[in-house]
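> I have a structure here, written as structure tokens, and I will follow up with some questions on it.
The values are calculated or read from the model by the stated rules, or taken from the named source; none is laboratory data. All figures in this text were calculated on a predicted structure; none of them were measured in a lab. Neighbour counts are summed over all protein chains in view; Cβ atoms, including those assigned to glycine, are modelled from backbone coordinates with ideal geometry. With ligands, DNA and RNA removed, areas are computed over all heavy atoms of the protein, side chains included. Shrake-Rupley method; radii C 1.70, N 1.55, O 1.52, S 1.80 Å.
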Amino acid sequence: MKILSKDTLVDHAGLRIFRMVLDAPLISRKARAGQFVVIMASREGERIPLTMVESDSQAGTITIVFQETGFTTRMLGALEPGDSLYALAGPLGHATEIKKYGNVVLLGGGVGVAEIYPVAGSLKQAGNRITVIIGARNKGLLILKKELESLADNFYTATDDGSEGRKGFVTDILEEVLKKEKQDLVYAVGPIPMMKKASFVSGAAGVRAVVSLNALMVDGTGMCGCCRVSVGGQTKFSCVDGPEFEGDKVDWEELGLRNSMYCDKESHICRLNSLKP
Ligand code: FAD
Ligand code: FES
Ligand code: MG
């Protein structure tokens, strides 16, 4: 659970995104694209889920990429190579179904770009022709551009302010791609409005959309019920039944409400120094 390396992918306008390589030999042996780990940065801290962006079974390592959004991700961001995490559990969740679909479009928004990276690599390796569309609020917040561009057959970027690529949303480009060429699958990870729109746009074009949901999680193993989502009118646990689901079946309003359930309780002042393990 030792942190072997840490680099800063984004440090822009008060927002930071880090990449960390962790020593996790047992997890690395079983890790597959689409799965996540649950991390406790310190003994007193909460558990948070983070996607495994890369794994190397030979080196016994996994890589995480995380954005500092609140208390725990800031606590994690304060750790340095040589420090150890208090706890790490994984791999968790179903892996992405990797097979030859044909033409696949992958959409990543914000830190969701990191989450599509392993899936893009595995789908490409399975012989799919992949179109990657990544977006962020502005150029300074775009991550893994070089890595994804080198994997993709077609590559697009979008920023809200037009500072890089198209001015607008990744879903605007998705609409155009779907009109231009037949696609067999859309895979989207990012903010809820983006995944909802991607599912709608894909559905309108008759294309299946798979989304990886960011439901609130505690244990990540199906025991607490915190990650309940409604999919196709049925209650599912995102950690063990997902985190991927058919986008057109997700109750997006409920997911949004549940995700903001504890916002008032999270708005405390970070006491990073006192909680650093
Ligand atoms: P807080 O201030 O506590 O919360 C900020 C927001 O983060 C909340 O409004 C809520 O939407 C979300 N959040 C808070 N606690 C949790 C929790 N226990 N579980 C899920 N969401 C929570 N983020 C990344 O930066 N990189 C990733 O690779 C990544 N992968 C994820 C994979 C999965 C399967 C899920 C469900 C989430 C993933 N996230 C990822 C989101 C990450 O877990 C949250 O950003 C993190 O938990 C925020 O914790 P915090 O204490 O820093 O912020
Ligand atoms: Fe507890 Fe899914 S996180 S059941
Ligand atoms: Mg928190």
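> Along Cα→Cβ, 7 Å out, is where each label goes; now give me the distance between the ones at His94 and Ser57 in nm to one decimal.
Calculated label separation equals 2.2 nm.
> On each of the three principal axes of the Cα atoms of the stretch 131-277, give max minus min coordinate, whole Å, ordered largest first.
Sorted largest first, the three principal extents are 49, 41, 25 Å.
> I've got another one for you. Diagonalise the Cα gyration tensor of the stretch 19-130 and give the resulting equivalent ellipsoid semi-axes, square root of 5 times each eigenvalue, largest first, whole Å.
Listed largest to smallest, the semi-axes of the stretch 19-130 are 27, 16, 11 Å.
> Sticking with this structure for a sec: Using a Gaussian network model of the chain whose springs link C-alpha atoms within less than 10 Å, name the residue from Lys124, Lys139, Lys99 with the highest mean-square fluctuation.
Result for the chain, Cα springs under 10 Å: Lys99 fluctuates most.
> Any idea how far the Cα center of the stretch 215-257 sits from the one of the stretch 135-157, in Å?
The stretch 215-257 and the stretch 135-157 have Cα centres spaced 28 Å from each other.
> Here's another thing I want to ask about it. Name the residue from Leu15, Ala114, Gln35 whose Cα lies farthest towards the positive end of the charge dipole of the chain, charges +1 on Cβ of Lys and Arg and -1 on Cβ of Asp and Glu.
Checked the options; the winner is Gln35.
> Okay, moving on. What does the charge dipole of the chain about its Cα centre add up to, to the nearest 20 debye, if the Cβ of each Lys and Arg holds +1 and the Cβ of each Asp and Glu holds -1?
Using Cβ point charges on Lys, Arg, Asp and Glu, the chain gives about 280 debye.
> Can you tell me how much longer the chain between Glu46 and Val218 gets when fully stretched, taken as 0.36 nm per residue apart minus their C-alpha distance, in nm with one decimal?
Result: 61.1 nm gained on full extension.
> Compute the normalised compactness of the stretch 143-184: alpha-carbon radius of gyration over 2.2 N^0.38 Å, N being the residue count.
Normalised Cα radius of gyration, the stretch 143-184: 1.23.
> What is the total of Lys pairs in the stretch 180-263 with C-alpha atoms under 19 Å apart, excluding same-chain pairs fewer than 8 positions apart?
Number of lysine pairs found: 6.
> Turning to a different aspect of this structure: Please identify which residues in the stretch 121-136 have an amide N closer than 20 Å to a label point set 7 Å out from the Cα of Glu176, following the Cα→Cβ vector.
Inside the label zone: 130-136.
> Cut-off 10 angstrom, C-alpha nodes, Gaussian network model of the chain. Which of Gly135, Gly168, Gly247 fluctuates the most?
Gly168
> Compute the Kirkwood hydrodynamic radius of the stretch 1-59, taking the inverse of the mean of 1/r over all pairs of distinct Cα atoms, and give it in Å to one decimal.
12.9 Å is the Kirkwood radius here.
> What's the extension gain from Arg16 to Asp153 if we count 0.36 nm per residue and subtract their Cα-Cα distance?
The span from Arg16 to Asp153 would gain 46.4 nm if fully extended.
> Test of understanding: extend the Cα→C-beta vector of Asn138 to 7 Å, then name every residue of the stretch 96-117 with backbone N under 16 Å from that spot.
The answer is 110.
> May I ask you to list the lysines whose Cα is less than 25 Å away from that of Lys6, ignoring any residue fewer than eight positions away on the same chain?
Partners within reach: Lys30, Lys139, Lys145, Lys146, Lys276.
> Taking 7 Å along the Cα-to-C-beta vector as the label spot, tell me the Asp160-Ala205 distance in nanometres, rounded to one decimal.
2.4
> Follow-up. Considering the alpha-carbon set of the chain alone, what are its Rg and its Dmax in angstrom?
Rg and Dmax of the chain, Cα atoms, are 18.0, 55 Å.
> Using the Kirkwood formula over every pair of different C-alpha atoms, what hydrodynamic radius in Å results for the stretch 89-160?
That comes to 12.6 Å for the stretch 89-160.
> Moving to a separate point now. Using mean Cβ contacts within 10 Å as the protection proxy, how do 141-152, 79-90, 102-113 order, highest first?
Ranking, from highest mean packing down: 102-113, 141-152, 79-90.
> To continue, here is another question. Put a dot 7 Å past each Cα toward the Cβ at Cys263 and Ala126; how far apart are the dots in nm?
3.6
> Please list Phe169, Phe200 from largest to smallest accessible area, probe radius 1.4 Å, with all protein chains kept in place.
Descending order: Phe200, Phe169.
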